[in-house]
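Heads up: the structure comes next, in structure tokens.
The values are calculated or read from the model by the stated rules, or taken from the named source; none is laboratory data. Computed from a prediction, not measured in an experiment: that's the story for all the values here. When we count neighbours, we look across all protein chains shown, and the Cβ atoms used for this are built from the backbone with ideal geometry, even at glycine.
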Amino acid sequence: MKRRSILLKSAMTLALASTMLIPVGLMASSGTAGASGAVKVFMIPKFTGIAPFTDAAKGCKTEGQKIGLNCLYGGPTTGSATDQVNFINNAVSAGDKGIFISNDDAATTNPALVRAEHHGVKVVTFDSDALKTGRTVYVEGTSTASIALTELNMLGSQMATPYSGSFIILSAQATDSNQVQWNAQLKKDLSMPKYSKMTLAAIINPPSDSAADATSSLQAALAANPGISGIISPTTVAIAAAAQYLTTNNLCSKYVLTGLGDPDQMEPFMTTANNCVHSFALWNFTQEGTVAACAMKFVLAGTLTGKTGQSFKCNGVKEVVLPGQTVSAGAAVVYTSANVKSAGF
Amino acid sequence: MARFRQLVLSWEAGLVVLTVLVVIFGQLADHDLISSFNLQTTALNNVILLCLALGVAPVIMTGDIDLSVVGTLALSGVVMGDLMAHGMATGLAIAIGLVLALVCGLINGLLVVLFDLPALAVTLGTMGAYTGISFLILGGLAITTFPNSVVSLGSSNLTGTQVPFATVVVLAIAAIMAYLVHFTTWGKSLFAVGGSRKAALFSGIAVNRVRITTFIISGFLAGFAGLLFLGNYETAQAGMGASQLLPAITAVILGGVSAYGGTGTIPGVVLAAILLALLQSALGLHGFSGEGQTMAVGFLLIIAIGAQPLARSARDWWRRHAGVREIASAGTGESRGGSESSSGASGAEVRSTAVN
Amino acid sequence: MSAAEMISDVATSSARRSRVNAMVRRSDTALLGLIALITLVAVATLSDFRTLSNINNLLNTTALIAIVAIGEAVVILARQIDLSVGAILGICAYLVGEWSGHFSGPFGPVIGVLLALALGAGFGLGNALLVNVFKMPAIIATLATLSIYTGLQIIVNNGSQLYLTQVPKWLAGLRGNAWFGIGTFIWIAAIVLVAVSFILRRTRFGRDVYALGSNPEAAAYLGVKIRLRTFQIFALCGALAGLGGLLYTSQFGNVDATAGNGMNLTVIAAAVVGGVSLFGGAGTALSAVLGALLLGEIQNVLELTRISIFAEQTLQGAAIVIAVAVYAVVSRRLRRPVRREAFLSEHPTLNPAAIEAAGGTSNG
């Protein structure tokens, strides 16, 4: 009767589940691809859909082709660290030999990265670091120190009384490791004599890395901090949203806006008609992807272990490992109306 | 023999066939689907999905819906994480979290049943409210250290095997749910209420109580899913698990539960969850991006709902053409609730005036 | 049920509906009062509230939401729902923003608007297809399309985004422009409000929408072309979402793959708070606008009083629950007196026997 049929179905289900769970280990993965010997590696951004990460992927792919790496790319659609975990696991399952990742949250991805390393997969972080235990080397776009100083210099030089006044930092998600790192460095730098007259009023972390959230967070922040005269936004999404907001509300002359931006996004705000933003900085994300690919090659070969002072050659340029297993991919470029149009990564 | 044929023709058997097909093609395409690592991580990552689906299934069987499960997951997960981070004893924190989840479900139940509000609206609202409260508690931060016991529950294997502990736990929950839904009076009343609320009322079933209990169970299992999430990802973050709503509902519908209530089986839901898990894994291994996988789940949901009436009419056709002997024994076999094709129209009529 | 009984039933329920509509109209007034009250208090106590910049922002953001909420309201009126509006808005924001870049000249805006409406309607028709042909309940159908359209949105953005430089000047400037001192967004919202209100009150389509919402079976018997209306309803909702997308491009300049996320809850909350009943059949376009305004204002006040930038979702979720509960309780109290017998004794000509005696019912 009906009970029998349910029991039969349950039995069927259990049988299927057991077959799946007790691994058919005989068919274990064979892993690596291609007779050409191109080693499969996988790049995971914070989230897909913005130019910096797409550029990094391009850099990895192009360089990878030269040095025998097959650079695949994929990631979550929102900045969710737990979704990144799934991508890490998938890469390991698929037999990829190396993983690049820009972390949404270093602590969350750490267990999965450690597990990956136990399986012999090498991890190189880029743009946003993981915990030390989860990766061999961290490739940063440019040094944290230079980012913080550049931001402070750009802001300070444009203030009504140079290097004097209060400002806010319009950042990204609270867990983004690179944002946390840069902002912490900036706070430390404020104690330097050159910036002693500048005060940081608040660090704003919008709920997500989207234009709408950045805009409403900025609106609330401006109301909550009436005395500020500057905004530093170290994230391309938020600085563009902020520029648009200031323009629409005719606040460009009231606040100095600077930070890290995408030249294509910032160009409309650096014209004669609209000069809301006078300068911002960025580095070459394609270059970052290239250096990451090079680093991975040497990490896979075993010659690059992250010890301070080690070096490797990438496209003829010598890269040196700095303290903290960090490799700096290049220098930040400051963009003004003079050079913003020519920026092309 | 007839029972065997019925089993083979059943919706659940169809799911098994699909699963086997996915495994075969996936393995051929990528060689890594059935590796122990992949099966392990797939099993682990999808316990949350199955746990949510097991909670939502009875709600849909009674003709309601519960969208707020991911909100309850987030809220109880954040509360548990926050309490543990502040040094509270693990057991107590978990207990509080689960009780909170129960309360979330109870609120849903009371609003929908006692106030007679549309379940869609209420649970849409409470989804936002519960998720929002988790944001108010934790802001944008994440808690990432948890006691060993929690982590073991969520990510370690049964001692000496490759089988994840959490998977076994959730399968046990599935067995309990299957018993409750298919072998108790309460379970039978689920189908009666889903088939026709008025008729159920007239037969003396405590419709209100039945409906409220489904919401409570749904809330509780969502809270438990939150606990598993904490152990699996070792992260508590506001809004966690939000991406699991669509897969959970898809698993329920794909499992054969009719969106209008009154039919479905728990084994079906488990099979559907397994199918979904393997399908997503196969797609991921084959290079489908995150949005590609989500779109695939969306399409699967559409196909699943579209296939239900087709399956029903196929089965009716089979019955009509298979002779009296078959029909006789088929009639006493699994009943598909009240929605045989002939009574479909009046069933719908009665149901809608009841809702009015 | 005989046709005569059906007709008198419809009359009864339409009397109920006009009572409910009377209540809704009263709720419109109540909402206006509530909005006015909050505005007064905010203006008096929050100096940041009464700045021109803040009011301007508030009204413009609300206008965008109101337009999409009006579309959602039409769908809810017919006892359906559309969860995919945010994704439709996002895709249209990108595609229309990009394609309009190719149309300069005086007709650019016209083409842009038409494009947005058409594209949005197309996606709406996809929803209607699932509801009509696949017979899926709208909630599940639009849950599925939400994921599909969101995936499409990401694919269309193709790892990049729409840059302000690609957007035609008329569109980029739309947000900042003002006609006779009132922002363009507000004008557009007003036009949409008037147009949709007219459609709902004065056309066959509008009457059918209300009929479908109050009593689908009766509507079918009365000859309402359900399938056609369903297509039209979802198309209208999609079209308005598309128009919202166009405005979104103007508001934010850059359009990336996250455009429109979370708007579903906002828009449904606006409609529901405004008095559009999820049972169907009650509410107006104005209800949606007032709901959007009230929620937007509360949101603004919360931001300015620094309660939390994370309060938005909680506010919208709680608002939906509270609004649905309040309206249901109130409308039930109003529905009770109109019992069938009482009504029929007041309107003897609507008595089934009387109708049959008048000889007017073959299988019409």
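Kindly list the number of the only condition in (1) under 30 Å from residue B:143 (Cα atoms); (2) more than 10 Å from every other protein chain (Cβ to nearest Cβ); (3) β-branched (Val, Ile, Thr) that fails for residue A:175.
The failed condition is (2).
Do any residues in the range C:310-327 that are outside any helix (DSSP H, G or I) have Cβ atoms under 8 Å from those of residues that are of a type in the set (Phe, Trp, Tyr), where the two are at least six apart or on different chains, and which pairs are they?
C:310/B:135
Residues are listed down the side, and each one gets a yes or a no for (1) more than 7 Å from every other protein chain (Cβ to nearest Cβ); (2) closer than 24 Å to residue B:172 by Cβ; (3) in contact (Cβ under 8 Å) with a residue 24 or more places away in the chain; (4) out of contact with any Gly (no Cβ under 8 Å at 6 or more places or on another chain):
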position: B:12; (1), (2), (3), (4): no, yes, yes, no
position: B:26; (1), (2), (3), (4): yes, no, yes, yes
position: B:36; (1), (2), (3), (4): no, yes, yes, no
position: B:45; (1), (2), (3), (4): no, yes, yes, yes
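Restricting the search to the range B:174-213, which residues are within 20 Å of residue A:11 (Cα to Cα), out of contact with any helix residue (DSSP H, G or I) (no Cβ under 6 Å at 6 or more places or on another chain) and either at the interface with chain A (Cβ under 10 Å from one of its Cβ atoms) or touching a residue at least 24 places away in the same chain (Cβ under 8 Å) (or both)?
B:175, B:179, B:183
How many residues does the range A:283-296 contain that are surrounded by fewer than 24 Cβ atoms within 10 Å (Cβ to Cβ) and not in a loop (DSSP other than H, G, I, E, B)?
So the count comes out to 2.
Among (1) more than 13 Å from chain C (Cβ to nearest Cβ); (2) β-branched (Val, Ile, Thr); (3) under 25 Å from the mean Cα position of the chain (by Cα), which single condition is residue A:236 missing?
It fails just one condition, (1).
Among (1) assigned to a loop (DSSP other than H, G, I, E, B); (2) under 28 Å from residue C:330 (Cα atoms); (3) not acidic (Asp, Glu), where does residue C:260 come up short?
(2)
Out of (1) modelled with pLDDT under 90; (2) part of a helix (DSSP H, G or I); (3) of a type outside the set (Ser, Thr, Tyr), the odd one out for residue C:106 is which?
So residue C:106 meets the others, but not (2).
For residue C:99, only one of the following conditions fails: (1) touching a Leu at 6+ places or on another chain (Cβ under 8 Å); (2) touching a residue at least 24 places away in the same chain (Cβ under 8 Å). What is its number?
(2)
Given the conditions (1) within 11 Å of the chain's Cα centre (by Cα); (2) more than 12 Å from chain B (Cβ to nearest Cβ), and given that residue C:272 satisfies all but one, which numbered condition is not satisfied?
(2)
Of all residues in the range A:43-83 being touching a Cys at 6+ places or on another chain (Cβ under 8 Å) and assigned to a strand (DSSP E or B), which is farthest from the other protein chains (Cβ to nearest Cβ)?
My answer is A:69.
Taking only pairs six or more apart or across chains, which ones have beta-carbon atoms under 6 Å, a first residue in the range C:284-303 that is within 15 Å of residue C:45 (Cβ to Cβ), and a second residue that is assigned to a helix (DSSP H, G or I) and not hydroxyl-bearing (Ser, Thr, Tyr)?
Short answer, once both residue conditions are applied: C:297/C:38; C:300/C:58; C:301/C:42; C:302/C:311; C:303/A:220.
Out of C:241, C:211, which single residue is more than 14 Å from residue C:77 (Cα to Cα) and either of a type in the set (A, V, I, L, M, F, W, C) or outside any helix (DSSP H, G or I) (or both)?
It is C:241.
Would you mind stating whether residue B:130 is at the interface with another protein chain (Cβ under 10 Å from one of its Cβ atoms) and without any contact (Cβ under 8 Å) to a residue 40 or more places away in the chain?
No: the conditions fail for residue B:130.
Hey, residue C:132 hits all of (1) under 28 Å from residue B:301 (Cα atoms); (2) surrounded by fewer than 22 Cβ atoms within 10 Å (Cβ to Cβ); (3) without any contact (Cβ under 8 Å) to a residue 60 or more places away in the chain but one; which does it fall short on?
All conditions are met except number (3).
Which residue out of B:262, B:292, B:256, B:287 is on the phi > 0 side of the Ramachandran plot, within 8 Å of another protein chain (Cβ to nearest Cβ) and not aliphatic (A, V, I, L, M)?
Residue meeting the stated conditions: B:287.
Residue B:87 - would you say it is at positive phi and away from chain C (no Cβ under 14 Å)?
yes
Outside any helix (DSSP H, G or I), at pLDDT below 85 and closer than 26 Å to residue C:301 by Cβ: is that true of residue C:53 in this structure?
Here the answer is no, as residue C:53 does not meet what is asked.
Would you check if there is a residue in the range C:56-65 being under 22 Å from residue C:197 (Cβ atoms), touching a Cys at 6+ places or on another chain (Cβ under 8 Å) and of a type outside the set (A, V, I, L, M, F, W, C)?
No, there is no match, as no residue in the range C:56-65 is under 22 Å from residue C:197 (Cβ atoms), touching a Cys at 6+ places or on another chain (Cβ under 8 Å) and of a type outside the set (A, V, I, L, M, F, W, C).
So residue C:162 ticks every box in (1) touching a strand residue (DSSP E or B) at 6+ places or on another chain (Cβ under 7 Å); (2) on the phi > 0 side of the Ramachandran plot but one. Which box is left unticked?
In the conditions (1) touching a strand residue (DSSP E or B) at 6+ places or on another chain (Cβ under 7 Å); (2) on the phi > 0 side of the Ramachandran plot, residue C:162 misses (2) alone.
Kindly list, by first and then second residue, each pair from a residue in the range C:139-160 that is more than 7 Å from every other protein chain (Cβ to nearest Cβ) to a residue that is at pLDDT below 90, limited to pairs with Cβ atoms under 6 Å and residues at least 6 apart or on different chains.
C:153/C:257
Check whether at least one residue in the range A:120-130 is among the charged types (D, E, K, R), in contact with a strand residue (DSSP E or B) (Cβ under 7 Å, 6 or more places away or on another chain) and within 11 Å of chain B (Cβ to nearest Cβ), and report yes or no.
Checked the range A:120-130: no residue is among the charged types (D, E, K, R), in contact with a strand residue (DSSP E or B) (Cβ under 7 Å, 6 or more places away or on another chain) and within 11 Å of chain B (Cβ to nearest Cβ).
Output the residues belonging to the range C:195-215 that are surrounded by fewer than 23 Cβ atoms within 10 Å (Cβ to Cβ) and under 13 Å from residue C:70 (Cα atoms).
C:195, C:197, C:198, C:199, C:200
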